[in-house]
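Okay, so here's the structure we're looking at.
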Amino acid sequence: MLRVAIAVTSFHSEQCHESAASPSPSGRGERRVPDVLGALVERRSARRVCSAPMTRTLPGIRVILSLVALLGAPLLGCSDSEDEIPTLPPPPAPTFESVAVEFDVTTPAATPCDATVAIIGNDEALGNWKLPGLTLTRDADGHFRGSAVLPVRKTISYNILLSSSGAQEVDTIGRILDVRSFTVADREGIEVKPTVTRWSLAGNAARPPVHFSVEVPANTPANAEIWLSGNQPALGEWNGAGVKLEKGSSGSRYFTCIPFATGTNLEFKVTRGSWDSVEKDAQGGEIDNHLHAVSAPARISVQVGSWRDLGPVEEQPDTLTGNIQYHDVDGASVGLRNRQLIVWLPPGYDTQTTRRYSVLYMHDGQNLMNARTAFGNVEWGVDETAQRLVEAGQVEPMIIVGVYNTQDRIAEYTQVPTTQYPDAGRADAYGRLLVEVVKPLIDSTYRTMPEAEHTGVAGSSLGGLVSMYFGLTHSSTFTRLGVVSPSVWWANRDIVTRVESLSGKLPLRIWADIGTNEDTSVGDSQIAVNDTRLLRDALIAEGWALDSDLKYLEVEGGRHNEAAWAARAEQILRYLYPPAP
């Protein structure tokens with residue numbers, strides 16, 4: 001230890017020093033002097049002595065003491081009274097006795113849809129560690145919020161839990177967290193924003209929660225009801241108003257939470273209660289369905305660009321390419337509704353006046369070439385695709401005839417009724433419409449090659465099913481089949497039974513395909529794939545050869561919609577109508 005000898009002379013009318021209340025540990029009258037803050041505390045137990053001037057040397061005292069001595073006794077609070085003890089000034093009185101504290105709790109996506117989140121703690125407003133404590137309210141952003149009035153300057157200890165199940169918050173490896181704490185400040189506008197990463201009790205892994213949050217545009221009426229409509233029963237199965245959302249605290253965000261079975265494929269749109277007020281993009285254009293494959297707890301956020309009835313007034317324009325013609329068809333002669341035809345003529349049709357053309361008849365005609373008339377305003381793009389392929393010489397030039405569907409689509413595109421659809425099974429009448437009404441109109445109006453070897457029929461879903469059926473029942477008219485995402489499941493796979501019952505192979509060139517993600521769940525999608533494989537195998541058993549007169553394709557991740565079918569329209573046309581050698 002550095003020892004410093006300091007001669008202290010008179011620096012005031014009196015000299016101040018402290019004597020210890022007990023001898024120093026060394027027994028030599030020596031003691032260590034603490035720092036200034038320590039000295040203030042130490043003097044509470046030491047006797048002050050103010051004496052006449054001194055000249056003796058004090059060894060072992062730190063340099064800082066000499067500085068204190070030079071600065072004067074008032075710094076150390078010495079006075080003429082030996083019993084006076086200096087005190088710090090009292091803290092100022094609080095501005096508020098108590099203030100409102102806003103709790104804003106972020107919870108994990110695994111928080112159950114029916115969860116009640118509560119805060120319990122060491123204050124009456126928090127239940128004094130007993131439930132219900134402070135019950136929080138779920139908001140549109142997935143947070144849980146609530147407010148409690150708490151005493152100013154009180155240190156608050158608390159825990160967050162699910163009062164519905166008793167689950168507590170845990171860390172990333174599952175350990176129960178210690179209490180959280182904070183001191184209530186003497187001000188207004190206090191926010192406490194903890195984040196819960198996990199709960200001590202796991203949710204239902206087979207039906208994880210899916211949290212939906214929808215932000216609406218500024219022109220949305222204040223009293224609007226916001227709905228989701230989609231492909232699941234819980235979403236209304238496309239009825240326009242499947243599940244109503246709750247309005248969040250922001251006023252522009254709405255939310256709901258629904259548990260779904262793992263493997264469920266969700267498709268949905270946002271409406272204000274009907275398809276007349278369905279969401280659009282910010283420019284008023286059509287948007288695709290929102291998609292989500294359920295595999296774990298999830299949060300889905302949607303930003304609505306505009307509403308059909310409140311958005312831009314510009315109507316969806318036609319999106320037609322090439323030489324397009326329209327015809328009206330009377331279906332009364334076969335007992336069916338009237339409908340329209342859309343006809344695409346290949347490049348060169350008007351200039352090569354002696355050339356004749358093969359024809360492809362396609363179902364769901366309004367979905368093929370024009371986004372304005374297509375379901376969801378998403379078209380197959382058959383006109384653009386065919387135009388490009390013909391001009392490039394990659395397909396045989398052909399005429400494409402789109403036959404519009406009607407409200408009797410299910411009945412007309414199915415070969416037998418079922419218990420669920422007792423009025424279905426009118427495919428034979430629809431086949432007569434094509435063979436006896438539509439085809440004669442086309443053959444008499446345009447330069448066609450009317451023979452069966454030059455004539456095809458194609459469609460998707462039930463349209464794929466009825467195309468396969470027409471190949472079996474009208475092979476003298478149609479020999480090129482586009483069996484796209486066929487509904488093989490119809491009537492306990494009746495179409496497979498019919499193929500297996502053939503007495504011999506028919507002169508058909510068949511395209512068949514299926515996406516691996518077409519149904520509402522992973523399991524159902526696999527069933528659809530398996531069904532289509534059964535159809536493929538039945539055709540092979542009857543003599544069709546893969547990659548020769550039978551082309552089979554499984555599209556990884558392929559969905560059951562116009563966009564998916566548009567993506568493989570080129571492959572279908574190139575297989576069914578290859579260029580002449």
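Odds and ends about this structure:
- Checking each residue of the stretch 566-577 against the condition of being over 32 Å from the mean Cα position of the chain (by Cα), of a type in the set (Lys, Arg) and under 16 Å from residue 467 (Cα atoms) gives no match.
- Every pair of residues 6+ apart whose Cβ atoms lie under 9 Å, when the first sits in the stretch 405-419 and is closer than 17 Å to residue 468 by Cα while the second is at pLDDT below 95 and buried (at least 20 other Cβ atoms within 10 Å of the Cβ): none
- Residue within the stretch 334-348 that is in a loop (DSSP other than H, G, I, E, B), exposed (fewer than 13 other Cβ atoms within 10 Å of the Cβ) and of a type outside the set (A, V, I, L, M) present: yes
- For the stretch 152-165, filtering for residues that are among the hydroxyl-bearing types (Ser, Thr, Tyr) and either at pLDDT 95 or above or open to solvent by less than 50 Å² (accessible area, probe 1.4 Å) (or both) leaves 4.
- In the stretch 461-568, counting only helices (runs of 4 or more DSSP H) that sit wholly within it, the ones holding 3 or more residues that are open to solvent by 60 Å² or more (accessible area, probe 1.4 Å) and not aromatic (Phe, Trp, Tyr) span 490-500, 522-541.
- Cβ separations smaller than 6 Å between residues 6+ apart or across chains give the following pairs from the stretch 319-347 residues that are farther than 26 Å from residue 390 by Cβ to residues that are open to solvent by 70 Å² or more (accessible area, probe 1.4 Å) and outside any loop (DSSP other than H, G, I, E, B): 334/432.
- Some residue of the stretch 350-372 being hydrophobic (A, V, I, L, M, F, W, C), more than 16 Å from residue 441 (Cβ to Cβ), at pLDDT below 95 and open to solvent by 30 Å² or more (accessible area, probe 1.4 Å): no
- Among residues of the stretch 111-146, those that are of a type in the set (A, V, I, L, M), at pLDDT 95 or above and in a loop (DSSP other than H, G, I, E, B), counted: 1
- Screening 149, 101 for residues that are surrounded by fewer than 16 Cβ atoms within 10 Å (Cβ to Cβ) and either more than 24 Å from residue 299 (Cβ to Cβ) or not aliphatic (A, V, I, L, M) (or both) leaves exactly one candidate, 149.
- Residue 183 passes every criterion in (1) open to solvent by 50 Å² or more (accessible area, probe 1.4 Å); (2) at pLDDT below 95; (3) in contact with a Lys or Arg (Cβ under 9 Å, 6 or more places away or on another chain); (4) not small (Gly, Ala, Ser) apart from (2).
- Options 334, 270: the member that is modelled with pLDDT of 95 or more, hydrophobic (A, V, I, L, M, F, W, C) and in contact with a strand residue (DSSP E or B) (Cβ under 7 Å, 6 or more places away or on another chain): 270
- Residues that are open to solvent by 10 Å² or more (accessible area, probe 1.4 Å), closer than 15 Å to residue 309 by Cβ and touching a Gly at 6+ places or on another chain (Cβ under 6 Å) within the stretch 255-280 comprise 274, 275, 280, listed in sequence order.
- Inside the stretch 186-203, residues that are within 30 Å of residue 263 (Cα to Cα), open to solvent by less than 90 Å² (accessible area, probe 1.4 Å) and not aromatic (Phe, Trp, Tyr) make up a count of 5.
- If you go through the stretch 451-460 and keep only what is more than 19 Å from residue 551 (Cα to Cα) and open to solvent by 30 Å² or more (accessible area, probe 1.4 Å), you end up with just 451.
- For the stretch 281-307, a residue qualifies if it is without any contact (Cβ under 8 Å) to a residue 40 or more places away in the chain and open to solvent by less than 40 Å² (accessible area, probe 1.4 Å), and the qualifying residues are 284, 287.
- For the stretch 166-180, residues that are open to solvent by 80 Å² or more (accessible area, probe 1.4 Å) and among the small types (Gly, Ala, Ser) total 0.
The values are calculated or read from the model by the stated rules, or taken from the named source; none is laboratory data. Every value quoted in this text rests on a predicted model; they were computed, and no experiment measured them. Glycine also receives a Cβ, built like all others from the backbone with ideal geometry; neighbour counts cover every protein chain displayed. The accessibility values were calculated without ligands, DNA or RNA, using every heavy atom of the protein model including side chains. Shrake-Rupley method; radii C 1.70, N 1.55, O 1.52, S 1.80 Å.
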